[in-house]
């Protein structure tokens, strides 16, 4: 018996999105922003938006983190220098939720990663 299977596939580079992991961080300020209200809707893997705030009065390297257009916190001050430098230089960065934990400590509720997308 002869069995012929035809498989159509896109080139490998079109199937794989490559990224460099810049950092994995806890979300700072979760308890002060919309995160608490939005918590039930958030899911691991959700995209986050990073917004540079060079005029922030508390931190000139501040990077705001948004979920679906709502401010949910910041990249921690101790970890934002490289992110700010990349963003100021025009580098595209992407972020996504990697862990959600129902714990009392607001610093442990949301972990997210920041990635540098690579062009094929």
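Each value in this text was obtained by applying a stated rule to the coordinates, not by laboratory testing. Everything numeric in this text was worked out from a predicted model, so none of it was measured. Cβ sites come from the backbone with ideal geometry, for glycine too, and all protein chains shown count toward neighbours.
Between residue 96 and residue 59, residue separation times 0.36 nm minus the direct Cα-Cα distance comes to 11.0 nm.
If you plug the beta carbon distance of residue 20 and residue 68 into 1/(1 + (r/R0)^6) with R0 = 30 Å, you get a FRET efficiency near 0.75. Taking every alpha-carbon pair under 8 Å whose residues sit at least 6 apart, the stretch 65-120 reaches a relative contact order of 25 percent.
If a/c stays under 1.5 just call it rounded; otherwise compare a/b with b/c (prolate if a/b is bigger, oblate if not). Do that for the chain, with a ≥ b ≥ c from the square roots of the Cα gyration tensor eigenvalues. Intermediate results must be reported in sequence, preceding the final value.
Numbers: a/c = 3.17, a/b = 1.72, b/c = 1.84.
Taking the square roots of the gyration eigenvalues as a ≥ b ≥ c, the chain is oblate.
Comparing 19, 58, 33 in a Gaussian network model of the chain where C-alpha atoms under 10 Å apart are linked, the largest mean-square fluctuation is found at 58. Sequence gap at least 6, Cα distance under 8 Å: using those rules, report the relative contact order of the chain to the nearest whole percent. About 35 percent, as a whole number.
Taking the centroid of alpha carbons for each part, the stretch 39-57 and the stretch 58-114 are 6 Å apart.
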